[in-house]
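Written out below as C-alpha coordinates is the structure these notes cover.
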Amino acid sequence: AQSVTQLDSQVPVFEEAPVELRCNYSSSVSVYLFWYVQYPNQGLQLLLKYLSGSTLVESINGFEAEFNKSQTSFHLRKPSVHISDTAEYFCAVSKYGGSQGNLIFGKGTKLSVKP
Amino acid sequence: DAGVIQSPRHEVTEMGQEVTLRCKPISGHNSLFWYRQTMMRGLELLIYFNNNVPIDDSGMPEDRFSAKMPNASFSTLKIQPSEPRDSAVYFCASSLAPSSGANVLTFGAGSRLTVL
(Lines give C-alpha, C1' and ligand atoms only; values in the text may rest on other atoms or scores of the structure.)
Protein backbone atom coordinates (compact mmCIF):
# COMPACT_ATOMS: atom_id res chain seq x y z
CA ALA A 1 0.00 0.00 0.00
CA GLN A 2 1.03 3.57 -0.55
CA SER A 3 1.45 6.21 2.13
CA VAL A 4 2.42 9.88 2.22
CA THR A 5 4.22 11.82 4.93
CA GLN A 6 4.28 15.58 5.03
CA LEU A 7 6.94 16.41 7.54
CA ASP A 8 5.76 19.89 8.51
CA SER A 9 2.22 20.66 9.63
CA GLN A 10 2.79 24.43 9.55
CA VAL A 11 5.32 26.59 7.73
CA PRO A 12 5.38 30.33 8.45
CA VAL A 13 7.45 32.49 6.10
CA PHE A 14 7.79 36.14 5.21
CA GLU A 15 6.67 37.49 1.87
CA GLU A 16 9.27 37.17 -0.91
CA ALA A 17 11.19 34.50 1.01
CA PRO A 18 11.78 31.05 -0.51
CA VAL A 19 9.84 28.07 0.80
CA GLU A 20 10.06 24.30 0.63
CA LEU A 21 7.22 22.01 1.69
CA ARG A 22 8.43 18.49 2.22
CA CYS A 23 6.72 15.30 1.09
CA ASN A 24 7.92 11.72 1.31
CA TYR A 25 6.05 8.68 0.11
CA SER A 26 6.33 4.96 0.44
CA SER A 27 5.21 2.46 -2.13
CA SER A 28 6.21 -0.94 -3.40
CA VAL A 29 5.16 -0.01 -6.93
CA SER A 30 5.66 2.95 -9.22
CA VAL A 31 3.41 5.90 -8.44
CA TYR A 32 2.05 9.15 -9.71
CA LEU A 33 2.58 12.15 -7.44
CA PHE A 34 0.50 15.27 -6.94
CA TRP A 35 0.36 18.50 -5.01
CA TYR A 36 -3.05 19.98 -4.28
CA VAL A 37 -3.73 23.39 -2.71
CA GLN A 38 -6.68 24.32 -0.51
CA TYR A 39 -7.48 27.99 0.03
CA PRO A 40 -9.64 28.89 3.04
CA ASN A 41 -13.20 27.60 2.80
CA GLN A 42 -12.61 26.03 -0.60
CA GLY A 43 -12.08 22.58 -2.02
CA LEU A 44 -8.74 21.22 -3.12
CA GLN A 45 -7.29 22.30 -6.44
CA LEU A 46 -4.59 20.51 -8.40
CA LEU A 47 -1.34 22.49 -8.27
CA LEU A 48 0.97 20.19 -10.20
CA LYS A 49 1.56 16.53 -10.94
CA TYR A 50 4.34 14.13 -11.83
CA LEU A 51 3.36 11.33 -14.16
CA SER A 52 6.53 10.48 -16.07
CA GLY A 53 9.39 12.08 -17.94
CA SER A 54 11.20 15.08 -16.50
CA THR A 55 11.50 14.83 -12.75
CA LEU A 56 11.00 18.59 -12.33
CA VAL A 57 7.44 19.79 -12.77
CA GLU A 58 6.15 23.33 -12.55
CA SER A 59 2.86 25.07 -11.91
CA ILE A 60 1.60 28.24 -13.54
CA ASN A 61 2.02 30.31 -10.37
CA GLY A 62 5.71 29.68 -9.79
CA PHE A 63 5.72 26.51 -7.69
CA GLU A 64 7.83 23.56 -8.69
CA ALA A 65 8.35 20.04 -7.37
CA GLU A 66 11.03 17.50 -8.05
CA PHE A 67 10.50 13.77 -8.04
CA ASN A 68 13.43 12.02 -6.37
CA LYS A 69 13.00 8.28 -6.68
CA SER A 70 16.02 7.33 -4.60
CA GLN A 71 14.84 9.45 -1.69
CA THR A 72 11.15 8.77 -2.36
CA SER A 73 10.45 12.46 -2.12
CA PHE A 74 8.40 15.04 -3.99
CA HIS A 75 9.15 18.34 -2.24
CA LEU A 76 7.35 21.51 -3.30
CA ARG A 77 9.34 24.74 -3.66
CA LYS A 78 8.85 28.36 -4.58
CA PRO A 79 11.72 30.85 -4.73
CA SER A 80 9.65 33.85 -3.64
CA VAL A 81 6.23 33.55 -2.00
CA HIS A 82 3.33 36.00 -1.99
CA ILE A 83 0.67 36.69 0.59
CA SER A 84 -1.80 35.03 -1.76
CA ASP A 85 0.08 31.72 -1.45
CA THR A 86 -1.25 31.36 2.09
CA ALA A 87 -3.13 28.07 1.99
CA GLU A 88 -2.90 24.43 2.96
CA TYR A 89 -0.92 22.19 0.63
CA PHE A 90 -1.49 18.46 0.27
CA CYS A 91 0.85 15.93 -1.26
CA ALA A 92 -0.84 12.86 -2.75
CA VAL A 93 0.13 9.59 -4.41
CA SER A 94 -1.69 7.13 -6.59
CA LYS A 95 -0.65 3.77 -7.87
CA TYR A 96 0.85 3.61 -11.35
CA GLY A 97 -1.09 1.68 -13.91
CA GLY A 98 -3.79 -0.85 -13.30
CA SER A 99 -7.40 0.07 -12.65
CA GLN A 100 -8.53 3.48 -11.55
CA GLY A 101 -7.60 3.97 -7.98
CA ASN A 102 -7.90 6.62 -5.38
CA LEU A 103 -5.45 9.22 -4.19
CA ILE A 104 -3.75 8.80 -0.84
CA PHE A 105 -3.23 12.22 0.74
CA GLY A 106 -0.76 13.45 3.28
CA LYS A 107 -2.05 15.34 6.31
CA GLY A 108 -1.29 18.69 4.76
CA THR A 109 1.07 21.60 5.41
CA LYS A 110 -0.34 25.01 6.26
CA LEU A 111 1.72 27.71 4.59
CA SER A 112 1.33 31.10 6.23
CA VAL A 113 2.94 34.02 4.40
CA LYS A 114 3.43 37.13 6.51
CA PRO A 115 4.07 40.66 5.21
CA ASP B 1 -18.54 23.68 -16.75
CA ALA B 2 -19.66 24.67 -13.25
CA GLY B 3 -17.34 22.15 -11.64
CA VAL B 4 -18.31 19.68 -8.94
CA ILE B 5 -21.35 20.99 -7.11
CA GLN B 6 -22.06 20.06 -3.52
CA SER B 7 -25.02 20.87 -1.31
CA PRO B 8 -25.62 21.98 1.30
CA ARG B 9 -22.50 24.04 1.94
CA HIS B 10 -23.25 24.12 5.64
CA GLU B 11 -25.43 21.87 7.77
CA VAL B 12 -26.04 22.07 11.48
CA THR B 13 -28.09 19.29 12.98
CA GLU B 14 -28.73 17.54 16.25
CA MET B 15 -27.43 14.17 17.24
CA GLY B 16 -29.64 11.38 16.00
CA GLN B 17 -30.93 13.22 12.96
CA GLU B 18 -30.48 11.99 9.41
CA VAL B 19 -28.11 13.96 7.21
CA THR B 20 -27.99 13.79 3.41
CA LEU B 21 -25.17 15.39 1.45
CA ARG B 22 -25.46 15.75 -2.29
CA CYS B 23 -23.01 15.91 -5.15
CA LYS B 24 -23.22 16.62 -8.85
CA PRO B 25 -19.99 15.61 -10.61
CA ILE B 26 -18.55 17.19 -13.73
CA SER B 27 -20.42 16.07 -16.80
CA GLY B 28 -18.55 13.27 -18.57
CA HIS B 29 -16.52 12.22 -15.56
CA ASN B 30 -16.77 8.52 -14.81
CA SER B 31 -15.41 8.35 -11.26
CA LEU B 32 -16.75 9.95 -8.09
CA PHE B 33 -15.16 10.10 -4.68
CA TRP B 34 -16.37 11.08 -1.19
CA TYR B 35 -13.73 12.34 1.24
CA ARG B 36 -14.01 13.51 4.83
CA GLN B 37 -11.67 16.14 6.27
CA THR B 38 -11.07 16.67 9.99
CA MET B 39 -8.31 18.34 11.95
CA MET B 40 -7.37 15.10 13.65
CA ARG B 41 -7.41 12.67 10.72
CA GLY B 42 -6.86 14.89 7.69
CA LEU B 43 -8.41 13.79 4.39
CA GLU B 44 -9.90 10.33 4.41
CA LEU B 45 -11.41 8.55 1.44
CA LEU B 46 -14.82 7.19 2.38
CA ILE B 47 -15.95 5.58 -0.87
CA TYR B 48 -15.48 5.85 -4.59
CA PHE B 49 -17.59 4.92 -7.58
CA ASN B 50 -16.61 4.09 -11.12
CA ASN B 51 -19.36 4.24 -13.76
CA ASN B 52 -21.90 4.55 -10.92
CA VAL B 53 -20.74 1.33 -9.27
CA PRO B 54 -19.17 1.42 -5.80
CA ILE B 55 -15.61 0.15 -6.11
CA ASP B 56 -14.14 0.63 -2.66
CA ASP B 57 -16.16 1.50 0.43
CA SER B 58 -13.59 0.33 2.95
CA GLY B 59 -13.27 3.86 4.26
CA MET B 60 -16.90 4.17 5.28
CA PRO B 61 -16.69 4.44 9.06
CA GLU B 62 -19.65 2.28 10.02
CA ASP B 63 -23.12 1.21 9.03
CA ARG B 64 -24.51 4.62 9.85
CA PHE B 65 -22.91 5.85 6.63
CA SER B 66 -24.24 4.98 3.20
CA ALA B 67 -23.60 6.33 -0.29
CA LYS B 68 -25.46 5.96 -3.53
CA MET B 69 -24.95 6.96 -7.12
CA PRO B 70 -28.21 6.34 -8.96
CA ASN B 71 -26.93 7.92 -12.19
CA ALA B 72 -23.86 9.54 -13.66
CA SER B 73 -24.84 13.04 -12.57
CA PHE B 74 -25.81 12.59 -8.93
CA SER B 75 -24.56 11.02 -5.72
CA THR B 76 -25.61 11.17 -2.08
CA LEU B 77 -23.85 10.47 1.19
CA LYS B 78 -26.21 9.74 4.03
CA ILE B 79 -25.54 9.54 7.75
CA GLN B 80 -28.26 8.02 9.90
CA PRO B 81 -28.26 8.55 12.81
CA SER B 82 -25.70 11.33 13.00
CA GLU B 83 -23.32 11.73 15.94
CA PRO B 84 -21.15 14.66 17.09
CA ARG B 85 -18.00 12.82 15.97
CA ASP B 86 -19.32 12.97 12.39
CA SER B 87 -18.72 16.72 12.40
CA ALA B 88 -16.33 17.40 9.51
CA VAL B 89 -16.09 18.82 6.02
CA TYR B 90 -17.22 16.32 3.44
CA PHE B 91 -15.79 16.67 -0.06
CA CYS B 92 -17.01 15.17 -3.26
CA ALA B 93 -14.58 14.84 -6.17
CA SER B 94 -14.89 13.51 -9.68
CA SER B 95 -12.49 12.48 -12.42
CA LEU B 96 -12.28 11.10 -15.90
CA ALA B 97 -10.24 8.10 -14.99
CA PRO B 98 -8.43 6.28 -17.79
CA SER B 99 -8.19 2.51 -17.75
CA SER B 100 -4.61 3.01 -16.70
CA GLY B 101 -2.73 6.11 -15.81
CA ALA B 102 -3.09 9.02 -13.47
CA ASN B 103 -6.39 9.84 -11.84
CA VAL B 104 -6.68 13.62 -11.57
CA LEU B 105 -9.48 14.66 -9.24
CA THR B 106 -11.58 17.82 -9.32
CA PHE B 107 -13.01 18.68 -5.91
CA GLY B 108 -16.21 20.40 -4.91
CA ALA B 109 -16.23 23.21 -2.35
CA GLY B 110 -17.29 20.84 0.42
CA SER B 111 -20.17 20.46 2.85
CA ARG B 112 -19.39 21.51 6.41
CA LEU B 113 -21.38 19.35 8.82
CA THR B 114 -21.82 20.18 12.48
CA VAL B 115 -23.65 17.68 14.68
CA LEU B 116 -24.62 19.08 18.07
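Summary of computed values
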| item | result |
| --- | --- |
| Cα-Cα pairs of the stretch B:27-70 separated by more than 15 Å (percent) | 44 |
| Test item: Cα-centred dipole of the protein assembly as shown, Lys/Arg +1 and Asp/Glu -1 on Cβ, debye | 160 |
| B:R85 paired with B:S58, simple spin-label distance in nm, labels 7 Å along Cα-to-beta-carbon | 2.1 |
| Rounded to the nearest 20 debye, dipole of the stretch A:1-93 from Cβ charges on Lys, Arg, Asp, Glu | 340 |
| With eigenvalues of the C-alpha gyration tensor scaled by 5 and rooted, chain B, Å | 24, 14, 13 |
| Among B:E62, B:E18, B:E83: highest mean-square fluctuation, GNM of chain B, C-alpha pairs under 10 Å | B:E62 |
| Among A:I83, A:G53, A:A17 the positive-end extreme of the charge dipole of chain A (Cβ point charges) | A:G53 |
| Chain lengthening between B:K78 and B:S27 when straightened (0.36 nm per residue, less Cα-Cα) | 16.1 nm |
| For the stretch B:13-116, share of DSSP beta bridges that run antiparallel, in % to the nearest 5 | 95 |
| Kirkwood Rh and Cα Rg combined as Rg/Rh, chain A | 0.96 |
| Area of B:Y90 that stays accessible when all protein chains are in place (1.4 Å probe, Å², to 10) | 0 |
| 14 Å reach of a label modelled at B:K68, 7 Å along Cα-to-Cβ, counting backbone N of the stretch B:1-45 | B:19-23 |
| Hz values of 3J(HN,Hα) by residue in the stretch A:52-66 - Karplus curve (6.51, -1.76, 1.60), Gly and Pro given as x | 5, x, 3, 7, 9, 10, 10, 9, 6, 10, x, 7, 9, 9, 10 |
| Number of Lys pairs (Cα under 29 Å; 8 or more positions apart or on different chains) in the protein assembly as shown | 27 |
| Cβ-based charge dipole, the protein assembly as shown, positive-most Cα from B:I47, A:Q42, B:N71 | B:N71 |
| Taking only Cα atoms of the protein assembly as shown, radius of gyration then Dmax in Å | 17.7, 52 |
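The values are calculated or read from the model by the stated rules, or taken from the named source; none is laboratory data. Here the structure is a predicted model, which is why all the values come from computation and not from measurement. Note: ideal-geometry Cβ built from the backbone for every residue, glycine included; neighbour counts use all protein chains shown. These accessible areas exclude ligands, DNA and RNA; they are computed on the full protein's heavy atoms, side chains included. Shrake-Rupley method; radii C 1.70, N 1.55, O 1.52, S 1.80 Å.
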